[in-house]
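Okay, so here's the structure we're looking at.
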Amino acid sequence: NNETSVPQLLIRDLKFEKSLAKLMFSPDQENHPSKAPVKYGELIVLGYNGSLPNGDRGRRKSRFALFKRPKANGVKPSTVHIACTPQAAKAISNKDQHSISYTLSRAQTVVVEYTHDSNTDMFQIGRSTESPIDFVVTDTVPGSQSNSDTQSVQSTISRFACRIICERNPPFTARIYAAGFDSSKNIFLGEKAAKWKTSDGQMDGLTTNGVLVMHPRNGFTEDSKPGVWREISVCGNVFSLRETRSAQQRGKMVENETNQLQDGSLIDLCGATLLWRTAEGLARTPTVKHLEALRQEINAARPQCPVGFNTLAFPSMKRKDVVDEKQPWVYLNCGHVHGYHNWGNKEERDGKDRECPMCRSVGPYVPLWLGCEAGFYVDAGPPTHAFSPCGHVCSEKTTAYWSQIPLPHGTHTFHAACPFCAHQLAGEQGYIRLIFQGPLD
């Protein structure tokens, strides 16, 4: 009986998970669950459906978990050295001490030394593969299936793009700052970078292409609404956007907002956008196991092609890039789901406009893919809707949320995109409700 098979599967899985947990944890750990490392949250790169095209390797992957470090490595500002030449600045900036150098002119550089902070952990993100970078991020090319598609692009992501500082004590607040420290523990803001003295005599500045952040309203839930994009400075202050990404003139300071990340905050590094999910937020998010159960449930209902009468099935999560012969296809203008067929003009190819045999509406005809990256879902609803024009399928609330989010694109434009493949959304809404035909028997 198809209707009971999915819940029974889940019960069996839960029993298996419990017995597995007993094997994995020593009795000591089981009695003291607090020994498990504290997770601050995860960063998930938009445009990847669960893993990088050529697989996740080392520090280069589609999602990165931030755990409490065995020993604190955070830093905080201490001594400020003013009115020295760049040569003298180099002498001050000790390789064993973190510092930020602000070059004001050929004659003047301000160096702010940073000292160890035992209450925080620091994580650095950027394009560089040097050791100070914890999470290596490269430019996202919409819909690219392999890293070779991305190699020719001149990267706009900074080598040391930003840093996230997490409090080691509850509530484990995470804050974001523009720029990361290099291998010499330095951040250099050259003559051309936007920089200024603050009212209390401190220095601050912006990086070339900037680090933008958007906090959603109502958290990351089915009631979420897009927030406003802001720029974060090197010292973590919040500003309205510059006219273009690298304009010399900074935006206005936004006094009543902070650089504190919240569940669902988006971080844009000019070439890649990251979603921040807190540990609590992830605990409420559907798991890959849940998505797999939903896939099995749809397939157990045996949807059929209304023309060929063949049974359709979503391929397993592992085969998420290869079109399968049972793969469901959809007409994006009406949402009618079919199996692949190639009638009409033989010149027509996938994705070009085709006429739906059910309702005669003309539009693109594309294969459907399940959204496998659970962190992008705002709820645990069934996969009933698909993004247009890419055909990634997820819950209705999830498609509705992402279709409203203006994501930075290039140096001064914004557009909504599919979180699973980064394709710009098309059509009136950017997504469509799927109309499946059940079996006729």
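The values are calculated or read from the model by the stated rules, or taken from the named source; none is laboratory data. Please read all numbers here as calculations on a predicted model, not as lab measurements. A quick note on method: Cβ atoms are made from the backbone with ideal geometry, for glycine too, and the neighbour counts reach across all protein chains shown. Quick note on the areas: whole protein, heavy atoms, side chains included, nothing else; ligands and nucleic acids left out. Shrake-Rupley method; radii C 1.70, N 1.55, O 1.52, S 1.80 Å.
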* 1 or more residues within 30 Å of residue 280 (Cα to Cα) and modelled with pLDDT of 95 or more: qualifying strands (runs of 3 or more DSSP E) within the stretch 86-171 -> 109-117, 120-126, 162-167
* To do: Determine which member of the set 278, 285, 273 is touching a helix residue (DSSP H, G or I) at 6+ places or on another chain (Cβ under 8 Å), of a type in the set (Val, Ile, Thr) and under 30 Å from residue 161 (Cα atoms).
  => 285
* **Options 200, 223, 204: the member that is among the charged types (D, E, K, R), in a strand (DSSP E or B) and either surrounded by fewer than 16 Cβ atoms within 10 Å (Cβ to Cβ) or more than 21 Å from the chain's Cα centre (by Cα) (or both)** => 204
* Asked: When the stretch 250-292 is examined, which residues are found to be in a loop (DSSP other than H, G, I, E, B) and buried (at least 21 other Cβ atoms within 10 Å of the Cβ)?
  -> 259, 261, 263, 264, 265, 269, 270, 271, 272
* Asked: Right, residue 374: under 24 Å from residue 287 (Cα atoms) and modelled with pLDDT of 95 or more or not?
  -> yes
* Identify all residues within the stretch 27-80 that are among the β-branched types (Val, Ile, Thr) and either modelled with pLDDT of 95 or more or part of a helix (DSSP H, G or I) (or both); write none if there are none. => 38, 44, 45, 75
* Residues in the stretch 227-237 that are free of Cβ contacts under 8 Å to residues at least 60 places away in the same chain and buried (at least 19 other Cβ atoms within 10 Å of the Cβ): how many? -> 4
* Name the residue, out of 402, 369, 343, that is open to solvent by 20 Å² or more (accessible area, probe 1.4 Å) and either in the same structural domain as residue 213 (by the TED database) or at pLDDT 90 or above (or both). => 369
